[in-house]
Amino acid sequence: MRHERSTLPTPTSSSSFWHSEPNEFLIGHRTTEELPTEADIVIVGSGITGTSAARYLAEDERAKGKSVVLLEAREACWGATGRNGGHCQPLLFDRSAEVAAFEMKNVHAVRSYIKKNNVPCEWRDVSGCRSFWTEQVMNEAEKELAHLETISPELRSLVTVIRDKDELKKHRVSPEAVGATLSRGAASLWPYKLITFMLERLIKAGQLNLQTNTPVDKITSVDGKHILHTERGSISAKNVILATNGYTSALLPHFADLVVPVRGEMSALLPPKGSTILPDSHGMVAALGQPANNDDYLVQRPFEGVPNPRGHLMFGGGRGAGHLPTIGVSDDSIIDEDSAAYLRGALLKILELDGETEGLKELEAVGQWTGIMGYSRDNHPWVGQVPDQKGLWLSGGYTGHGMPNTTLCASAVVEMLLGEEAGQDLTALQTQMVQSGDIPSSYLLTKERIEKARTLLTVYQQDTQGIHMNGVV
C-alpha cells in the first residue's frame, strides 16, 4: 500500500478532556492582527515540539533580535499534544541504550522546567509499570533486558521484573497478567497546561508572535527564502521549523511514506467510588487479545489539590478492538465506538481497581476523543534539515512516543539551525551533538537514512504483520 499524503488538521476535532480547562488568553489568539509578511524564523505547529523550539530560541543569545512567528492550524496545542495520554515514560529496553539515555535526559529536562517555573500541570513522578499478557511478549521483554545488562548495566538497574502474582497485585495489576516490568523515571502530567503556560509566557515577554487558526496550505522556496502560504496571506522566512508530526506530509509530500498519520483513541474515565490513586503509570502489552504491537496506556489524575480533582483514569489505546481504519488517517474528529467501548470496560479486567467495583461492567467516560500520531517508517523520529532544502527543518515522527522525546528534539533542531546560521558545518555539529548525548545518531535526518528507510516495510505493512511500533503516547 502506497501512503497518501496526510490532510491538514481538520477544522473541527473530537473533544479532548485536556481542553476542558482552556487557556483563555490563547483561545483565538493572534499576537498581531495581521499575519506578518516575513520573519527570521517561522515554526509550524504549537504542540510540545513547536512550543519547545520557540522557548529554546528565546533562551539562546544567538537568536536575540530575531523575529519568531509560530503558525497553528487550529487553537494553540489542539493537535496531538493536547490529545495524548499525559504519559511521560522513557522506554528503557525497547530501543538502543543511546535512545534510552536520551529519553531519560528528556524527561529530566521537562521535569526541571516544570519545577523551576512551578507550572501547574499536575506533574507526578511515578514508576512506569508495563504488564505483559502472553508468555511470548514477556519472554521478549526479558530477552531485551538481558541484552541491556550487557550494553548498559546502569540503565538495566532502573528496571525491575515482576512475575510473582502477589507482587503484581501490589501494583494493582491483575494476576491474570504473565508479568510486568517496573521502570524508574516516568511521570504523568496535563500536557496542554504545560504547553499553554510556555506559550503565554513567551508571548507576554515579547519573544513570540503566535498566529492561531492559520493553517499553512503549502511551502514554496524562492531565492533562499521559504514562503508559507495561508488563507490569510503569505509569510517568508530564511528558516522554517516544521513541528507538524503526523501532518508533516501535508507540507512535505515526499515524506508521505516516512512519517505516516495514525489515529489513536483516548478516554477520561471516572474511577470506581471510594477508590484510591494508582501508584504507577501503566502500559499494557497484548492485554485482552489486543495485538502485541499496540500497547494500551494509562495515567491517573490526582484526587486532591487540583481543579476538578476526581482521579480521572486517562486511558488510551484499544486499537485492536476498533473497526475503523487508523493507519494513514489524519482526521481526529471521528471516534471509533468499538475502541471507546473497549477502553470503558478493559480496566476492570486488567487492573485490580479498589473501591466499589461490584457489578460494574464499565467505567463512566467523561471524555472520549482521538488524536493523530506520526509513525516513522524506521521507528525513530526525524530531526534535522530536510535534504536539498536549506533552512527547512523538521522534528517529527515520534511513533506515538512523543512526550519523552520532543523537548530535546526541539532543542537539537534549534541548536542545528543557530549553529549553521553562525557558520558552523552542520555535519560536524551533528557529530558533536551525538557524542555529547544531545541527539541519538538514529534520529538524524539524512539522505542516506531516507534511502535506507525506504528499503524497509511500509508503516502499514509493519502494522499488519504485527511488527512492534510503540503506540505509547
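Annotations for the structure displayed:
- Working note: Karplus 6.51/-1.76/1.60 with θ = phi - 60° gives the stretch 86-102 the couplings x, 10, 10, 10, x, 8, 8, 10, 9, 10, 5, 4, 4, 5, 4, 5, 5 Hz, where Gly and Pro are set to x.
- Note: relative contact order over the stretch 252-304, using C-alpha pairs below 8 Å and six or more positions apart, is 26 percent.
- Whole-Å distance, taken between Cα centres, linking the stretch 102-167 and the stretch 209-272: 31 Å
- In percent, rounded to a whole number, the relative contact order of the stretch 231-346 is 27, using alpha-carbon pairs under 8 Å and six or more apart.
- For the stretch 55-75 versus the stretch 1-42, the gap between their alpha-carbon centres in whole angstrom: 16 Å
- In the chain, the longest principal axis of the Cα atoms and the axis of helix 337-350 are about 50 degrees apart.
- Residues in the stretch 175-184 carry Karplus couplings, in order, of x, 5, 5, 6, x, 7, 10, 10, 10, 7 Hz; the curve used is 6.51 cos²θ - 1.76 cosθ + 1.60 with θ = phi - 60°, and Gly or Pro positions show x.
- Dipole of the stretch 102-248, positive direction: furthest Cα of L210, S127, M104, with charges on the beta-carbon: L210
- Net length gained if the chain between T220 and S96 were fully extended (0.36 nm per residue, minus Cα distance): 40.9 nm
- Annotation: Cα Rg of the stretch 97-176 relative to the compact-globule expectation 2.2 N^0.38 Å equals 1.35.
- Convex hull of alpha carbon positions in the stretch 56-189: directionally averaged projected area 11.4 nm².
- Calculated mean residue ellipticity, 222 nm, the chain: -8500 deg cm²/dmol, from DSSP H runs (n ≥ 4) at -39500 (n - 2.57) each, averaged per residue and rounded to 500.
- Couplings 3J(HN,Hα) for the stretch 294-300, derived from phi with the Karplus relation 6.51 cos²θ - 1.76 cosθ + 1.60 (θ = phi - 60°), are 9, 6, 8, 8, 8, 10, 10 Hz, where x marks Gly and Pro.
- Average Cα contact separation per residue, the chain, under 8 Å, 6 or more apart, as relative contact order %: 23 percent
- Once both labels are positioned 7 Å from their Cα atoms along Cα-to-Cβ, the gap between D354 and K105 label points is 4.0 nm.
- Computed on protein heavy atoms with a 1.4 Å probe, the accessible areas place F132, F303, F197 in the order F303, F197, F132, largest first.
- Once Cα extents along the principal axes in Å is calculated for the structure shown, the corresponding label among [x] 73, 57, 42; [y] 71, 58, 51; [z] 66, 48, 45 turns out to be [z].
- Proportion of all alpha-carbon pairs of the stretch 353-473 beyond 24 Å (%): 42 percent
- Accessible area per residue for the chain, computed on protein heavy atoms with a 1.4 Å probe, is 38 Å².
- Amide H contacts under 5 Å for G79: none, restricted to partners 5 or more places along the chain or on a different chain, H placed in the peptide plane at 1.01 Å from N.
- Within the stretch 130-268, all pairs of alpha-carbon atoms sorted by distance into 10 Å bins from zero give the percentages 9, 21, 23, 20, 18, 8, 1.
- Whole-Å distance, taken between Cα centres, linking the stretch 409-472 and the stretch 291-344: 28 Å
- Taking 7 Å steps out from each Cα toward its Cβ at A146 and E231 produces label points 5.8 nm apart.
- Antiparallel content of DSSP bridges confined to the chain, in %, to 5: 70 percent
- log10 of Debye I(q)/I(0), alpha-carbon scatterers only, for the stretch 270-339 at 0.11, 0.21, 0.24, 0.29 Å⁻¹: -0.37, -0.97, -1.07, -1.24
- In this simple spin-label approximation, I27 and E421 carry label points 7 Å from Cα along the Cα→Cβ vector, and these lie 3.4 nm apart.
- Mean Cβ count within 10 Å, highest first, over the residues of peptides 271-282, 160-171: 271-282, 160-171
- For the stretch 1-77, the C-alpha radius of gyration sits at 1.32 times the compact-globule guess of 2.2 N^0.38 Å, with N the residue count.
- By accessible area, using a 1.4 Å probe on protein heavy atoms only, the chain has 51% of its surface on carbon and sulfur.
- Computed extension length for N139-V161: 6.8 nm, one decimal, from 0.36 nm per residue of separation with the Cα-Cα distance subtracted.
The values are calculated or read from the model by the stated rules, or taken from the named source; none is laboratory data. What you are looking at is a predicted structure, and each value in this text was computed from that prediction instead of being measured. Cβ coordinates were reconstructed from backbone atoms using ideal geometry, including for glycine residues, and neighbour counts include every protein chain displayed. To get the accessible areas, we keep the full protein, side chains included, count just its heavy atoms, and leave off ligands, DNA and RNA. Shrake-Rupley method; radii C 1.70, N 1.55, O 1.52, S 1.80 Å.
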